[in-house]
Amino acid sequence: MTALSWGNSYKSDQLPTSDRAHSSPSLAQNRRLYQRHTQSQARYRESLFASSPTAVLIKVYAVALNYRDANIANGGNPWPVTPNGVPGNDAAGEVVSVGNRVSLVLLGDRVTPITDKEFVTAHSTGRSWLAANADGILATHVVFDEKLPFFHVLELPHGLLSRGLRLAKLFLSKASLLQHPDCRDVDSAAGTGGVSSFALKLARASSLRIILTSSSDEKLEQIKKQFGNPEIQTVNYKTHPEWQNEVLNLTNGVGVDLVVENGGSSSLVQSMECTRRGGTVSQVGYLGSPKPELLKEFVPTIIDRRLNVRGINAGSKDDQDELMAAISATQMTLEDILDSTWPFDKADEAIEYVWQGKQIGKVVIKLND
């Protein structure tokens, strides 16, 4: 591990978008990265550009995929996306080299990115998303400037970093989806994918009663066995198309305090209908097909049930700081929500696996040992 050395650079138009921004002398570092336009991994021998002596070189150990990565790869993202961009916004890495004026991080620090590099506090107005309008981090090495709120220093046991369970950033930006001022005893986490699995983990740590929905009895049974007592209650929304009524039955007609809603317009009103009066619906995703005709009861329902419907996107760096502190304080482990670990050579298959919705929990791509 040495400080950055300045030398000759390659032409900036040969590099992915995030590196083109750093077009002055650089540290030469071979790396591999994945780009969307080929839908396959591409190998580069290149310099990672550092525009200032405050640059930080990070060795990426693993990237945890989100449905968002698969959705963007298949052209479904409703927000701006960089052509030929690099996917991935959840990762764990280590600082392996720093510029001679870096003061905020040290060699050996374990770090993880925030999804929106301009979302520092609740009052931030900018937007710059990793893996969308900015390149992501599905690469063996990345360079950031320490002056950007781009990464967060972790205090993680080395074992967590080295065993392939690199879920350090695992939806940490989604912590705010469980922040509710009056959450009594019930949380309904809709689904068995990455967001829902982490919501389940947080809800369990908060001693909430959990009702989980899925279209797969097999997935529901697996999660029930995995988490044991207190038993997680489940509803199969394919077997019960009016699944909100099943949730109401499980809560004696009262409804849940909080719904983690990731279906979008196809299920939002149903989620609202099984939320108690004064409860909260956290709209996290849009996995279902757009069905605006199903929203005609939105206004009557939100008024009648006095609901708080919250849009949840990536949280701020402040949100991540709070969640990191909570995970460190509680020594929360994440192995039980890891679905599978894939080698970098099979990144295509991993993204397709997520796209097909086959996972129960998080899917991780391993990049370095």
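The values are calculated or read from the model by the stated rules, or taken from the named source; none is laboratory data. What you are looking at is a predicted structure, and each value in this text was computed from that prediction instead of being measured. A quick note on method: Cβ atoms are made from the backbone with ideal geometry, for glycine too, and the neighbour counts reach across all protein chains shown.
Counting only helices (runs of 4 or more DSSP H) that sit completely within the stretch 200-307, those holding 3 or more residues that are more than 17 Å from Ile337 (Cβ to Cβ) and either of a type in the set (A, V, I, L, M, F, W, C) or free of Cβ contacts under 8 Å to residues at least 40 places away in the same chain (or both) correspond to 243-250, 268-273, 298-304.
Suppose we filter Ile360, Ile312, Ile365 for residues that are surrounded by 18 or more Cβ atoms within 10 Å (Cβ to Cβ), over 28 Å from Val256 (Cβ atoms) and of a type outside the set (Asp, Glu); which single one remains? Of Ile360, Ile312, Ile365, the one residue that is surrounded by 18 or more Cβ atoms within 10 Å (Cβ to Cβ), over 28 Å from Val256 (Cβ atoms) and of a type outside the set (Asp, Glu) is Ile365. When Ala91 is tested against (1) surrounded by 13 or more Cβ atoms within 10 Å (Cβ to Cβ); (2) part of a loop (DSSP other than H, G, I, E, B), exactly one condition is not met: (2). Kindly indicate whether any position in the stretch 198-209 is hydrophobic (A, V, I, L, M, F, W, C), at pLDDT 90 or above and either over 20 Å from the mean Cα position of the chain (by Cα) or assigned by TED's automatic domain parsing to the domain that holds Gly88 (or both). Checked against the condition, which is being hydrophobic (A, V, I, L, M, F, W, C), at pLDDT 90 or above and either over 20 Å from the mean Cα position of the chain (by Cα) or assigned by TED's automatic domain parsing to the domain that holds Gly88 (or both), the stretch 198-209 yields no hits at all.
Of the residues making up the stretch 347-364, those that are without any contact (Cβ under 8 Å) to a residue 60 or more places away in the chain and either out of contact with any strand residue (DSSP E or B) (no Cβ under 8 Å at 6 or more places or on another chain) or assigned by TED's automatic domain parsing to the domain that holds Gly76 (or both) are Gln356, Lys358. For the structure I just gave you, tell me whether Asp321 is charged (D, E, K, R), over 20 Å from the mean Cα position of the chain (by Cα) and on the phi < 0 side of the Ramachandran plot. Considered against the rule, which asks whether it is charged (D, E, K, R), over 20 Å from the mean Cα position of the chain (by Cα) and on the phi < 0 side of the Ramachandran plot, Asp321 comes out as no. Take the residues in the stretch 96-120 that are in contact with a Lys or Arg (Cβ under 8 Å, 6 or more places away or on another chain) and assigned to a strand (DSSP E or B); name whichever of them is surrounded by the most Cβ atoms within 10 Å (Cβ to Cβ). So the residue we want is Pro113.
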